[in-house]
Every structure is written in C-alpha cells, then in structure tokens.
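Enquirer: Structure incoming, see below.
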Amino acid sequence: MVVITLTTDFGSLYPAALKAVILQINDKANIIDITHSIPPADIRAGAFALYSVVEYFPRGTVHVAVVDPGVGTRRRPIAISAGGQYFVGPDNGLLIPAARRLGEIEVYDIRNEKLLRNVSSTFHGRDIFAPVGAYLSGGMQFKEVGNKIDDFVDIDLEKAEICGNKIKGEVVFIDDFGNIITNIPQEMILKIANHGEDLCVSGDKMPFLRTYGMVGIGDVLVLIGSHGFLEISANQGNASRVLGIENRDKVTVKPLGKRKC
Amino acid sequence: MVVITLTTDFGSLYPAALKAVILQINDKANIIDITHSIPPADIRAGAFALYSVVEYFPRGTVHVAVVDPGVGTRRRPIAISAGGQYFVGPDNGLLIPAARRLGEIEVYDIRNEKLLRNVSSTFHGRDIFAPVGAYLSGGMQFKEVGNKIDDFVDIDLEKAEICGNKIKGEVVFIDDFGNIITNIPQEMILKIANHGEDLCVSGDKMPFLRTYGMVGIGDVLVLIGSHGFLEISANQGNASRVLGIENRDKVTVKPLGKRKC
Amino acid sequence: MVVITLTTDFGSLYPAALKAVILQINDKANIIDITHSIPPADIRAGAFALYSVVEYFPRGTVHVAVVDPGVGTRRRPIAISAGGQYFVGPDNGLLIPAARRLGEIEVYDIRNEKLLRNVSSTFHGRDIFAPVGAYLSGGMQFKEVGNKIDDFVDIDLEKAEICGNKIKGEVVFIDDFGNIITNIPQEMILKIANHGEDLCVSGDKMPFLRTYGMVGIGDVLVLIGSHGFLEISANQGNASRVLGIENRDKVTVKPLGKRKC
C-alpha cells in the first residue's frame, strides 16, 4: 500500500471528499492525515506543518496539500518530485520547503487534463490535487502530470537573521499545546548560546534547556523543538496564551550574560 | 478493501469504539472519517454532510452515520441500499438525502439480532450500527438485516422556495471556514441571476461570483459552492461570524437590478 | 493487517510524525486514532480514554499512548502485554487501567536500543514509542523490548468509595458532548439506587434513568454510561457547562427517598 498524506486548512468534512476521490482512483491508497487545522489561508503555517514531518515518511509517499486562498484564480496547480516522494498542490509556496528538505526538487505545472475531474472554481483539492495524487500513488510516471517549470512561487522558512550576538526571526507555527515555533534553526541558536544559559527573548528572560520538565509547572523556557527549530514553551502550560505571542510575530533572541534583558 | 465511512456528532473518543467493533468483525475494512464534528443532535447538518460527499465514494461503500438524540427510545435502527452503496443509522432522516442522491432507495428496519452486540441504551453506534455496517462491508446480503419498510422518517434538504424573483431558503451547514451553506440549489439561483450580478441576500448587497479570490480579502460574496448549493462566504474570512448568520437561519435572495437592497 | 492505535494529547500535526515512523517500519500497520484531544498533560483522562475502548479491539492490537509531561526527564518508557494486546508509552500510569481491564499484565522497561530512533529530549512518541509499537505490530517477540519490572507507576480509575448509602467519587473525563463521566462503577451505584429513582448528586436532585431521551431537552439526568460508569448528562445539552462541573471535581451521590437534596 502506498501512503498518501493530506495537509489542509479544511477543518472537517471537506477532507472526506478528497479521500473518496482518491479511493475511487486507487483503492489501495493508505491515506494519512497530517493536519486539517492549518489556520485558514495561512500558507506559511501549512508549509511548516508539511516540512516538519516529511522526512519520516517512507519512499514513494505522495503528499497532497491544500492551503489555497487563490483557488479558481490564475495560480497554477503543481506537482513536485523530490527524494523519492511526491507533492501535489497549489503554486503558492506551500509545497516547497518540505520538498527541498528531501533534496533536489523537480517542479511540474499540472497540465494533463485526463487526470482531472470536472473542475469547479472553488474546490481544486477534490477536482485536481486529489486525483493527481491518487494517480501518482497508483504508479503513474511523474512526467505524465504536465510540463517542467522553474518560475514557481518560493518560500523560505529558515530565513532568520543573525547579526553579531542577536538573532531576528519570526513565529511560523503555534502548535496545539500553545508552543511557539520560530524560524530560528538549531545551528543558529547554538552559535550564540549553550544549553543551561539564560536568553533574552523579545524582552523576556528565559532559560535555554533541553526539555519541558526542567522548569516548574507553568514556567516558560526555550528549547530546540523536535522539528529542529527554537521553540518557546511553558511546562504543561500554553506559552502562546501566557506570553501573548501569535503566529507571524517577530522574535528577537540574544544571550543574557550579566546584563538585564 | 471495502470502505466504511463514519459521520457522527461524537467529537473524539467514541468514534474509536465504532472502529474497534468494525475491525473485530471485518479486519479488512478501510475506515474513513467523514466528520465527527456535526453540532450535537443536529440531524439536518449531519444529513447535509453525508449528502455532500456521498457521490464521490466507490461502489460498495458502507456509510455508518450516528446523530441520534433518540438513542434508547423507540426510534428504529435502519439500513438503506441505494445506487450500489449502503447506509446504516437511526430512523430520524439522517441517511435519506444522501441515499436519495444515489438513486432509488430501499429502506430496511434492522431486526436481525445475530448482527448486534449486547445492546446498551445509550450507544447504538457501537452496539448496532457499527456491527451491521461491518457485516455489510464483509459481504453479507443486504436483505439479511431485517424487513423492508416504507414509513421511515424523511428529510428534504432542497426545499427552498422560489416565488417570482425571490427565493426563500435556510442555512443547512456552516463549514469550518465559516462559509454559510444554504438549501438553495444551483438550478434555482441560476433562474433569477447570472454570475457577475449583485444580489440582495437577507438585506445585504453581495456580488454573485465564481470563486472567493474575486473580491478583496475579507469581502463578502455569494457563489455556488462545491456541493452545488448557494453559499455565502467572505474571502479568507469567516462569513458566519462577520454576518452573524447561524445554522437554521432563514435566508432570502433576490436580484438587485437598479433597486436598493 | 495489525491494528496500532494512538492516544495522545497532541492535537493535530504531531500524530502524523508517529504515523510516518510506524509506516516506515511496518507498512502493513492499520493505524487507528483513539483520540488526540486529551487535555494537555492530563494522565488520568488519557488513562480513562484508553480504558474505555480497549476491550473492543481485536487480539494482537498494539496501543501507543503518549500523555507525557515528564518527557526527557528520568521517567522510563515501558511496554505491557495483557490479554493478547500490547501497550507502549511512558511509565506514569497512563497505560495501566486499560491493560488491567484485559487481564493479567506483564510490564517491561524499554531498553533495547536497536528499536529506537535517534532519541530527542522532547518527542519520545516519535523516537521511542512509535517505533517500538511498530516493531511489535510487525511480529517482534514482546520480550525483545527490555526487562520485566514491577515498580511501575500505578493508577486506579475505579477508586470511588461507598460509605453506607453515600458514594464519594470524582470526575475522570468530560466528553465532547459535555457529559460528565465519574469513577463510580455501575455495580456501586446499583447498590444504592434503582433506575427510575431520584438521586442527590453533589447537592442537586437528578433522576437516575436508562437513556438521555427520557427527560426533556436540556434537562439533567444521571445514567450508567456506555463505558460502565455513572455519567451526569443533559439531554441534547452540555452538562459540564450547565452544572459548572469540571474534570477532577469531587462528586457525591446518595439516594433521595423522601428527603430534600
């Protein structure tokens, strides 16, 4: 059985239409939900979600992702081949960070009309992305989808900046615990601080530790999350709510040393 | 593998009991969640959810649906055969619109006690509907479930009325984007308006367009949704919250022409 | 196909990492979500969820459960064999009530490093529990996981007390309908009351009935829930919200007779 994953901002109900269409085409597809709770139209959060899990999936997996505020306008549908996995979704950057994580990427504009259902103007997940994903999972040659392109829309999730001892980044995802995940990668934070030191994070002093249970219940800390990025958390608490930090907010980080924050 | 779908108002946890019971009877069942987020006891919303996706499922699919405020009272458990698919659930109208969408329906009262678990008075999903669905998915003859009936409870989701140029309908579903889905079918709205015109919708002027991205971010529009019904939406916004329109509210629609709304 | 279940407080996204890791090891695993909506770090609620459904799963099922506020500290990872099913998770009591429900339990400390991924300090679900569960589902001998232990952390969900005619218990779970599930088992309540009588529940008079629809819409009742415990409910309403009763609250129950509540 070949795995097809789904990543959307649909909430409930609409994912079932994608699953039905996939199973009509390939009844051996093993459909796995990555998430359907991306904040509506938040392409960066969707890109992060897919990026954070893609490396754990088996070779041959097909990822269908739909966070698609431009549905029915001129944005193109695309498919990508990278590192033995496949991606299908809108040309708005959503798929790029995950695909790049697997290696060299080949991006195709979806043009083969034989693969599509009767296309509506509001639900390309059902009418384009799900069927193309299903055909790929069934063994269709990748090149059958359309034509190679180079002018796809790009997103870079790792564009935090380091300047001297100070890092400027931003929040890319708030998880369901309220953990605040930034775009500051592990290697960057380890250039300015070691575990056990205090950091000044957007004006608040926080210890930089290895795991949640190393501070008291409710206390705030920063750590390198399981996805490899700097994460601001509260032990058994909701850091986003406690600190009032939301998706897309800017974050600055510097070592504290003997100064005040 | 035969597909069994689940549509309930259970939220989390209880669906797992249904899945366990199904897999004990038929370990080859491919269980697909349609939704478990129907507003509690809202039979019409459940009927709409199932109706909106049923046509995309493969022949042979068994749909188990449980929105069942009458559990443990005298309402009957029923099973339906329609267009090569099967439906199992309470006799309260929940299954009817979806089954009718597939063609002629045959409705049976579930009477065969060999198919049931030890029946509790509060959880017929686990004790009646899941096991009957599992046996059907395993190849049991449909007639084995019980006796044919004609006096089942009926629901009509498409009973919007048109009077001259004015349509009176109601809201049947609010999706997780906040899109407001009415019971006004595509054919009815196209009798009074063309795409590109303005409509007067319950006192507010709204453009009738083909897709969300044709208005500014946050702006309201009406369109024919992917389910074939008139939908009131806000581009990248939550129309239900913005307009204060909720499930079951009445909706009137008329062409605007040169008059005020 | 062998069933692997998942029970976590992860919400969305992180469960997908577990699924990916499982499918990399055993692509024939049939992954079933029990719930990912356990209140964060609420080990008792997680234990109840697993306990309430475990008996319906087929022999051979592997349950991976992760409610794990102590991740990355010294708490041990464990695996349990009981009644032909397997359990994998943290040594904090989470797995014990479910395993005991199936019979005699054998508890092992997970020590076999060949079974683990590169272990992070924040995500043992992905790095320890999912891979061990996947290997067990693929037919690995249970004893391969590590060493037998007896000093595991224990939880008893059924420790309500009866004293004369009065029962003292507590709330273990609020379901998504707002039903309040207590730790008072069926046998205990039937010692002090019969169906049809009124009870005094934490100071409020409530009828003890067989199902929801036996009172008016919105009215409160108590019944023996589908899980076998005393449940406080409101017909088509949210009892937790109406009564202001929350998880972990104490509950007292006594028969009313001719007295006031």
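Enquirer: Which is the longest part of chain B that has none of the trypsin sites (Lys or Arg not before Pro) sitting in a DSSP loop with at most 15 other Cβ atoms within 10 Å? Intermediate results must be reported in sequence, preceding the final value.
Expert: Numbers: sites that count: B:Lys28, B:Arg59, B:Arg74, B:Arg111, B:Lys159, B:Arg248, B:Lys258, B:Arg259, B:Lys260.
Within chain B, the longest run free of exposed trypsin sites (Lys or Arg not before Pro) spans B:160-247.
Enquirer: Moving on to the next point. Spelling out what I want: for every residue of the stretch A:158-164, take phi, set θ = phi - 60°, compute 6.51 cos²θ - 1.76 cosθ + 1.60 (Karplus), and round to whole Hz; glycine and proline get x.
Expert: Each residue's phi maps through the Karplus curve to give 10, 8, 4, 10, 10, 9, x Hz.
Enquirer: If you plug each phi of the stretch B:195-203 into the Karplus form 6.51 cos²θ - 1.76 cosθ + 1.60 with θ = phi - 60°, what whole-Hz ³J(HN,Hα) values come out, in order, with x for Gly and Pro?
Expert: Listing the rounded values in order: 3, x, 7, 8, 10, 9, 10, 6, x Hz.
Enquirer: Sticking with this one: Any cysteines in chain B with zero other Cys Cβ atoms under 4.7 Å from their Cβ? List them, or say none.
Expert: So, B:Cys163.
Enquirer: Choose one of A:Ala99, A:Thr73, A:Asn112: the residue whose Cα lies farthest towards the positive end of the charge dipole of the stretch A:66-139 (beta-carbon charges +1 Lys, Arg; -1 Asp, Glu; about the Cα centre).
Expert: Among A:Ala99, A:Thr73, A:Asn112, the one farthest towards the positive end of the dipole of the stretch A:66-139 is A:Thr73.
Enquirer: Could you give the distance between the Cα centres of the stretch C:164-218 and the stretch B:116-157, to the whole Å?
Expert: Cα centroid of the stretch C:164-218 versus Cα centroid of the stretch B:116-157: 29 Å apart.
Enquirer: About its Cα centre, how strong a charge dipole does the stretch A:155-197 have in debye, to the nearest 20, once Lys and Arg get +1 and Asp and Glu get -1 at the Cβ? Please list the in-between numbers first.
Expert: Details: 4 positive and 8 negative charges, 49 e Å.
Dipole size: approximately 240 debye.
Enquirer: Counting partner chain Cβ atoms within 10 Å of every residue's Cβ in C:16-26, what's the average?
Expert: Per residue, the number of nearby Cβ atoms from other chains is 6 on average.
Enquirer: If R₀ is 35 angstrom, what is the calculated FRET efficiency for the pair B:Leu190 and B:Ile149, using the beta carbon separation as r and rounding to 0.05?
Expert: Working: r = 37 Å, r/R0 = 1.06.
The pair B:Leu190/B:Ile149 has a calculated efficiency of 0.40.
Enquirer: Within the set of other residues whose C-beta is less than 9 Å from the C-beta of B:Arg117, count the net charge using Lys and Arg as +1 and Asp and Glu as -1.
Expert: On the way: positive: B:Arg126; negative: B:Asp127.
Residues near B:Arg117 contribute 0 overall.
Enquirer: Another question, if that's okay. Rounded to the nearest 20 debye, what is the charge dipole size of chain B about its Cα centre when +1 sits on each Lys and Arg Cβ and -1 on each Asp and Glu Cβ? Don't jump to the answer; show the numbers that get you there.
Expert: On the way: 28 positive and 30 negative charges, 54 e Å.
Here chain B has a charge dipole of around 260 debye.
Enquirer: A further question on this structure: Size of the stretch C:49-169 along its principal axes in angstrom, Cα-based, largest extent first?
Expert: That works out to 55, 32, 23 Å along the principal axes.
Enquirer: Per residue of the stretch C:29-37, what does 6.51 cos²θ - 1.76 cosθ + 1.60 with θ = phi - 60° give for ³J(HN,Hα)? Whole Hz please, x for Gly and Pro, Karplus curve as stated.
Expert: Whole-Hz 3J(HN,Hα) from phi for the stretch C:29-37: 5, 9, 8, 10, 7, 7, 6, 10, 10.
Enquirer: Moving on. Please compute, for the alpha-carbon atoms of the protein assembly as shown, the extent along each of the three principal axes and give them in descending order in Å.
Expert: 77, 76, 49
Enquirer: Next question. Counting pairs of Cα atoms in the stretch A:183-261, how many percent are more than 14 Å apart? Show your work: numbers first, answer last.
Expert: Values: 1833 of 3081 pairs.
The calculated P(r) of the stretch A:183-261 puts 59 percent of pairs beyond 14 Å.
Enquirer: Additional query: Run the reach check for A:Lys143 against lysines, Cα to Cα strictly under 20 Å, same-chain hits fewer than 8 apart removed. What comes back?
Expert: Answer for A:Lys143, where 20 Å is the Cα cut-off: A:Lys114, listed by chain and number.
Enquirer: Can I ask one more? Cross-link partners among lysines for B:Lys258, C-alpha distance below 16 Å, same-chain residues fewer than 8 apart left out?
Expert: B:Lys166, B:Lys205
Enquirer: Take every residue in peptide B:124-131, count the Cβ atoms of other chains within 10 Å of its Cβ, and give the average of those counts. Each step should come with its number before you reach the end.
Expert: Values: counts 2, 1, 3, 1, 0, 0, 1, 0.
Mean inter-chain Cβ contacts per residue within 10 Å come to 1.
Enquirer: Just to be sure I follow the definition: excluding the sites themselves, where is the longest run in chain C that has none of the GluC sites (Glu not before Pro) in a DSSP loop with at most 12 other Cβ atoms within 10 Å?
Expert: Numbers: sites that count: C:Glu104, C:Glu246.
The segment C:105-245 is the longest one with no such site.
Enquirer: Taking a cut-off of 20 Å between Cα atoms, list the lysines near A:Lys159, but don't count ones fewer than 8 places away on the same chain.
Expert: Those lysines meeting the cut-off are A:Lys168, A:Lys191, A:Lys250, A:Lys254.
Enquirer: Within 10 Å of each Cβ of B:209-219, how many other protein chain Cβ atoms are there on average? Please list the in-between numbers first.
Expert: On the way: counts 2, 5, 9, 9, 10, 3, 0, 0, 2, 0, 0.
If you average over the peptide's residues, the count of other-chain Cβ atoms is 4.
Enquirer: Compute, for the stretch C:13-89, the length of the dipole vector about the Cα centre, with Cβ point charges of +1 (Lys, Arg) and -1 (Asp, Glu) only. Units Debye, rounded to 20. Don't skip to the end; give the middle numbers.
Expert: On the way: 7 positive and 5 negative charges, 50 e Å.
Magnitude of the dipole: close to 240 debye.
Enquirer: How large is the helix-only mean residue ellipticity at 222 nm for chain A, computed as the sum of -39500 (n - 2.57) over DSSP H runs with n ≥ 4, divided by its residue count, in deg cm²/dmol to the nearest 500? Please report the intermediate quantities before stating the final value.
Expert: Numbers: 6 runs with 49 residues, N = 261.
About -5000 deg cm²/dmol.
Enquirer: What FRET efficiency comes out for B:Ile217 versus B:Asn165 if R0 is 30 angstrom and r is the Cβ-Cβ distance? Round to the nearest 0.05. Kindly include the intermediate steps, with their values, before the conclusion.
Expert: Working: r = 31 Å, r/R0 = 1.05.
Approximately 0.45, to the nearest 0.05.
Enquirer: Still on this structure, please answer the following. Return P(r) of chain B (all Cα-Cα pairs; 10 Å bins starting at 0; whole %; ordered from short to long distances).
Expert: Per 10 Å bin, starting at 0, the Cα pair percentages come out as 7, 30, 29, 19, 12, 3, 0.
Enquirer: Any idea which of A:Cys163, A:Ala134, A:Leu199 is furthest toward the positive side of the dipole for the stretch A:111-199, if Lys and Arg beta-carbons carry +1 and Asp and Glu beta-carbons -1?
Expert: Result: A:Ala134.
Enquirer: To the nearest hundred square angstrom, how large is the accessible surface buried between B and A, total for both chains, probe 1.4 angstrom?
Expert: Values: alone 12560 and 12540 Å², together 22800 Å².
Counting both chains, the buried surface is close to 2300 Å².
Enquirer: Here is a further query. Considering only the protein assembly as shown, what is the antiparallel percent among its DSSP beta bridges, to the nearest 5?
Expert: Details: 120 of 162 bridges.
Within the protein assembly as shown, antiparallel bridges account for around 75 percent of the total.
Enquirer: Now for a different question. Would you mind getting the accessible area per residue of the stretch A:80-140, heavy atoms of the protein chains only, 1.4 Å probe, in Å²?
Expert: 34
Enquirer: May I ask you to report, in nm to one decimal and beginning with the shortest, the distances from C:Asp151 to the same position in the other copies, taking label points 7 Å along Cα-to-Cβ?
Expert: 6.9, 6.9
The values are calculated or read from the model by the stated rules, or taken from the named source; none is laboratory data. Quantities reported herein were computed from a predicted structural model and do not represent experimental measurements. Cβ atoms come from the backbone with ideal geometry, glycine included; neighbour counts cover every protein chain shown. Calculation scope for accessible area: heavy atoms of the full protein, side chains included, ligands and nucleic acids excluded. Shrake-Rupley method; radii C 1.70, N 1.55, O 1.52, S 1.80 Å.
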